[in-house]
Amino acid sequence: MLTQLRDIVEKVANTHNLIEAMDQLVSSTCTVMNVECCSVYIADPVRQQYVLMATKGLLKPQHRIVLRFDEGLVGQVGVRCEPINVADAHLHPKFKILPELGEQAFCSFLGTPIIHQRQLLGVLVIQQRERREFTEIEESFLVTLSAQLGATLAHSKAQGMWIEHQQGMHFTGVPASSGIAIAKAWWDDEQPCLDTVLPASCLDCTQEESRLLNAIDAANNEFRRVRTRFDPDLTKETLAIFDLFSHLLNDPMLRQDLLSKIHAQHMAEWAVRQVIESYALRFSQMADLYLKARSHDIRELGQRLLYFLQHSEKAICQWDQPRVLFVRELTTAMIASIPRSQLSAVVAQEGAANSHAAILSRALGIPAVMGVDFTPEKIQDQWVIVDGYRGDIILSPNRHVKKEYQRLLQEEYELTKIVSDDITRITYTEDHQRIEVHVNAGLNIDSQLLSHQGIDGIGLYRTEVPFLLHSSFPSEDEQIIQYREVLSAYKDKRVIMRTLDIGGDKPLPYFRIEEDNPFLGWRGIRFTLDHPEIFLIQIRSMLKASIGLNNLDILLPMISNISEFVEAKHLIDRAYQEISQYALQQGHTLTRPRLGIMIEVPSMLYQLSHLQNKVDFVSVGSNDLTQYLLAVDRNNARVAGVYDAFHPAVLHALRHIQVDCQKLRIPISICGELAGDPMGAILLVGLGYRTLSMNLCNIPKIKYILRHVAIDEMEALAQVALSLPLADDVRRIMTEFIEDRGLGGFIRAGK
């Protein structure tokens with residue numbers, strides 16, 4: 001059976017288009033199962049119907065055969081999402097005769113759904129003239145075959161080899177930068193690719209070393225030029241992307257590893273591929289989304305080195321009109337090489353929403369979608385719509401679809417203007433209740449953000465970034481400089497610095513950690529308590545950096561029990577006494593920072609009462625709390641759909657934390673993706689949260705939305721949400737509420 005299954009699936013996968021694939025499927029299934037009839041119906045979710053795509057045994061129809069989703073036995077298979085096996089289909093109350101197919105000649109019927117990652121793709125049917133139920137073995141075979149076909153059909157759908165509606169060919173990907181674009185497509189296949197570099201030896205190591213060093217210099221010069229070009233328009237945090245590339249290019253460890261390969265008589269290109277892939281692998285194995293995305297930046301660095309190994313100067317892209325750029329993998333260099341006026345949007349086959357290329361796209365306002373499984377030959381020079389909110393790509397749209405997106409484009413422009421007009425205002429709800437809006441940050445901080453964005457402070461500063469950018473643990477002096485810059489930029493605001501949050505899920509390149517289950521392993525506070533020498537250096541650095549500024553708060557990550565907090569506090573008290581003496585010697589007084597913990601491990605929900613008079617504040621990490629509550633790795637594509645911050649259990653947990661902290665008089669804030677989502681922000685305020693921290697790009701719309709809704713409305717809505725059993729029900733009432741308030745544009749725009 002396994003051999004037969006594999007043969008059918010391989011034959012289907014090796015065909016060139018969907019129609020040919022379906023013909024191969026029904027023919028092979030009839031032969032292998034020795035049945036008289038096999039048909040496959042493909043689901044059309046837009047029109048809520050099934051389309052007969054291929055059949056062997058039924059008469060060839062003269063026109064397109066369709067069934068509604070609730071029509072016939074085929075419809076029942078889809079509705080129930082399970083097989084239907086009947087001896088005489090004519091006697092079934094849901095049977096629908098299709099006389100033009102000659103179906104009346106067949107009695108027995110067995111249909112199974114074709115499903116991939118909970119998405120119903122179609123129904124596979126076998127029929128016989130004989131009146132009998134198909135055996136358990138036959139049913140098992142067809143169910144297994146349908147399950148195997150799911151991934152193959154999903155791949156075909158992603159490539160656009162599907163039912164082509166009048167609206168055009170449709171692709172989907174991961175939204176990386178919001179916005180809508182309508183322009184002609186341009187496929188760029190000129191960029192070098194690490195994967196195509198093959199092992200090669202050299203005879204002249206000196207010449208290869210010279211080639212490599214020249215390429216490093218050329219790449220360095222390019223990043224410096226790009227940084228200078230964007231300096232007037234971008235924040236320091238975004239410009240730090242180019243500083244990171246320069247830092248890596250000048251890193252002694254990277255150079256040493258590259259040169260050692262060349263001294264082993266490897267050609268420069270082959271040396272670059274080996275070293276870059278080993279570095280990228282370290283980051284790709286990290287669980288933290290931000291750090292995981294750095295693997296793409298490492299690969300980009302390698303690709304730029306490959307480019308300058310093969311070209312003496314950078315090519316400048318020139319188009320006769322604005323274009324949507326389609327690429328294998330998006331890089332910052334590609335974005336920088338094209339004038340902003342010529343670049344409508346970018347679409348990449350590979351890449352992450354947190355890569356630096358995606359961050360730069362967002363900073364420049366360029367819509368971007370990653371992970372789109374398109375065929376280059378089909379898109380070149382075609383009109384295309386890019387929906388960077390939802391991750392949708394529509395190729396060759398008709399005039400009606402194009403007109404609708406042109407309307408959305410105009411609406412987007414008007415929304416952007418509205419939220420930008422009063423961005424610097426303090427955030428009050430419609431009934432004048434104060435809401436604090438803070439920013440999550442991880443690189444350099446631009447003090448100009450205060451005046452431009454009206455930010456109340458830094459709700460989460462990720463201190464692990466400097467550690468990951470060094471080739472060894474950064475010294476106390478190096479950390480002091482980094483922290484002082486951040487604290488000085490926000491000298492009149494609170495800055496919450498999270499202590500080092502590394503471990504099995506995001507190991508340092510110079511401190512390898514191997515674990516079977518890094519999410520539940522040696523990470524966060526567990527790592528730093530096991531290395532008090534590292535923890536104390538970091539705490540001392542923070543305290544020294546705060547002298548005279550007095551705006552530092554310290555946040556402890558991954559706390560799962562009270563003893564961890566007590567032990568960490570003991571070390572912090574020790575460092576405070578030491579730095580207090582140092583400050584007095586310098587003629588200053590050191591203000592004791594507030595000390596808080598992150599609530600992200602579910603065990604802390606039941607220990608909140610023990611925190612009274614021990615912690616100064618708590619910060620809820622909604623991303624990890626959701627992940628641990630639902631027991632789902634959101635980086636795992638197979639179960640990523642289970643990760644849902646609107647899950648009733650998550651909402652009840654958030655409410656439980658807020659109520660207990662209010663009773664205990666412990667100040668509380670929340671950071672994470674939920675706070676930056678319009679529906680999430682409204683729910684959180686309704687649940688009692690008054691301090692939200694989010695990524696910079698989400699702040700304008702969240703401030704605007706909260707100013708147009710009253711507290712009592714949000715609280716009433718939250719109470720209804722807490723009574724609902726399904727996350728989809730929560731989204732439905734939230735969508736209706738936002739639409740009724742005239743704010744629907746924000747959720748139609750993907751949020």
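The values are calculated or read from the model by the stated rules, or taken from the named source; none is laboratory data. Computed from a predicted structure; not experimentally measured. Don't worry about glycine lacking a Cβ; one is built from the backbone with ideal geometry, like all the others, and counts go over all protein chains shown. In case anyone asks, the SASA skips ligands and DNA or RNA and just uses the protein heavy atoms, side chains included. Shrake-Rupley method; radii C 1.70, N 1.55, O 1.52, S 1.80 Å.
Tallying residues that are open to solvent by 30 Å² or more (accessible area, probe 1.4 Å) and at pLDDT below 70 within the range 166-188 yields 2.
Within the range 77-105, can you find the residues that are in a helix (DSSP H, G or I) and either at positive phi or open to solvent by less than 20 Å² (accessible area, probe 1.4 Å) (or both)? Working first, answer last.
Of all residues in the range 77-105, those in a helix (DSSP H, G or I) come to 77-80, 89-91, 99-101, 103-105.
Matches in the range 77-105: Val77, Gly78, Ala89, Leu101, Glu103.
Here are the criteria: (1) open to solvent by less than 30 Å² (accessible area, probe 1.4 Å); (2) at pLDDT 90 or above. Tell me which single one Ser210 does not satisfy. Status for Ser210: all satisfied but (1).
How many residues are modelled with pLDDT of 90 or more, out of contact with any helix residue (DSSP H, G or I) (no Cβ under 6 Å at 6 or more places or on another chain) and open to solvent by 50 Å² or more (accessible area, probe 1.4 Å) when one looks only at the range 632-654? Residues that pass the stated criteria total 1.
Which members of the range 589-626 meet the condition of being among the basic types (Lys, Arg) and either under 20 Å from Ala681 (Cα atoms) or assigned to a strand (DSSP E or B) (or both)?
Step one: list which residues in the range 589-626 are among the basic types (Lys, Arg), which gives 592, 594, 614.
Selection gives Arg594 alone.
Conditions tested, residue by residue: (1) touching a helix residue (DSSP H, G or I) at 6+ places or on another chain (Cβ under 8 Å); (2) more than 20 Å from Leu571 (Cα to Cα); (3) at pLDDT 90 or above; (4) crowded, with 17+ Cβ neighbours inside 10 Å.
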site	(1), (2), (3), (4)
Gly596	no, no, yes, yes
Gln607	yes, yes, yes, no
Phe617	no, no, yes, yes
Thr626	yes, yes, yes, yes
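Scanning the range 125-149 for residues that are β-branched (Val, Ile, Thr) and either under 15 Å from Asp7 (Cα atoms) or not in a helix (DSSP H, G or I) (or both) gives Val125, Ile126, Thr135, Thr144.
Does any residue of the range 256-272 turn out to be surrounded by fewer than 18 Cβ atoms within 10 Å (Cβ to Cβ) and at pLDDT below 85? No.
For the residues Leu683, Leu687, Leu743, Leu706, the requirement of being open to solvent by less than 30 Å² (accessible area, probe 1.4 Å) and more than 26 Å from Leu460 (Cα to Cα) singles out Leu743.
Does the range 391-413 contain at least one residue that is assigned to a loop (DSSP other than H, G, I, E, B), within 30 Å of Ile455 (Cβ to Cβ) and touching a residue at least 12 places away in the same chain (Cβ under 8 Å)? Spell out the reasoning first.
First pass over the range 391-413, keeping only residues assigned to a loop (DSSP other than H, G, I, E, B): 391, 396-398.
Cutting the leftovers down to within 30 Å of Ile455 (Cβ to Cβ) gives us 391.
Next, from what is left, pick out any that are touching a residue at least 12 places away in the same chain (Cβ under 8 Å): 391.
Taking every residue of the range 391-413 in turn, at least one turns out to be assigned to a loop (DSSP other than H, G, I, E, B), within 30 Å of Ile455 (Cβ to Cβ) and touching a residue at least 12 places away in the same chain (Cβ under 8 Å).
Hey, does the range 53-64 have a residue that's within 25 Å of Ser140 (Cα to Cα), in contact with a Pro (Cβ under 9 Å, 6 or more places away or on another chain) and open to solvent by 50 Å² or more (accessible area, probe 1.4 Å)? Checking the range 53-64: not a single residue is within 25 Å of Ser140 (Cα to Cα), in contact with a Pro (Cβ under 9 Å, 6 or more places away or on another chain) and open to solvent by 50 Å² or more (accessible area, probe 1.4 Å). Taking the range 667-679 as the range and being open to solvent by less than 10 Å² (accessible area, probe 1.4 Å) and either among the aromatic types (Phe, Trp, Tyr) or in contact with a strand residue (DSSP E or B) (Cβ under 9 Å, 6 or more places away or on another chain) (or both) as the test, the residues that pass are Ile670, Cys671, Ala675, Gly676.
Take the range 712-748 and flag every residue that is of a type in the set (A, V, I, L, M) and touching a Gly at 6+ places or on another chain (Cβ under 8 Å). Passing the criteria: Met714, Ala716, Leu717, Ala718, Ala721, Ile738.
Test of understanding: among Lys94, Lys56, Lys11, which residue is in contact with a Gly (Cβ under 7 Å, 6 or more places away or on another chain) and either in contact (Cβ under 8 Å) with a residue 40 or more places away in the chain or not hydroxyl-bearing (Ser, Thr, Tyr) (or both)? If you could, list the steps in order and put the result at the bottom.
On the way: Lys56 fails: in contact with a Gly (Cβ under 7 Å, 6 or more places away or on another chain); Lys11 fails: in contact with a Gly (Cβ under 7 Å, 6 or more places away or on another chain).
Answer to the check: Lys94.
When Ser546, Ser603, Ser560 are screened for being at negative phi, buried (at least 21 other Cβ atoms within 10 Å of the Cβ), among the polar types (S, T, N, Q) and in contact (Cβ under 8 Å) with a residue 12 or more places away in the chain, only Ser546 passes. Checked against (1) of a type in the set (S, T, N, Q); (2) open to solvent by 70 Å² or more (accessible area, probe 1.4 Å); (3) assigned to a strand (DSSP E or B), Ser39 meets all criteria but (2).
Suppose the filter is within 36 Å of the chain's Cα centre (by Cα), modelled with pLDDT of 90 or more and closer than 20 Å to Val74 by Cβ; does Gly122 pass it? Against the criterion (within 36 Å of the chain's Cα centre (by Cα), modelled with pLDDT of 90 or more and closer than 20 Å to Val74 by Cβ), Gly122 qualifies. Name the residue that is farthest from the chain's Cα centre (by Cα), counting only residues in the range 46-76 that are part of a helix (DSSP H, G or I) and of a type outside the set (A, V, I, L, M). Applying the filter and picking the extreme gives Gly72.
Please work out which residue is modelled with the lowest pLDDT, limiting yourself to the range 356-404 and to residues that are among the acidic types (Asp, Glu) and under 23 Å from the mean Cα position of the chain (by Cα).
Going through the qualifying residues, I end up with Asp373.
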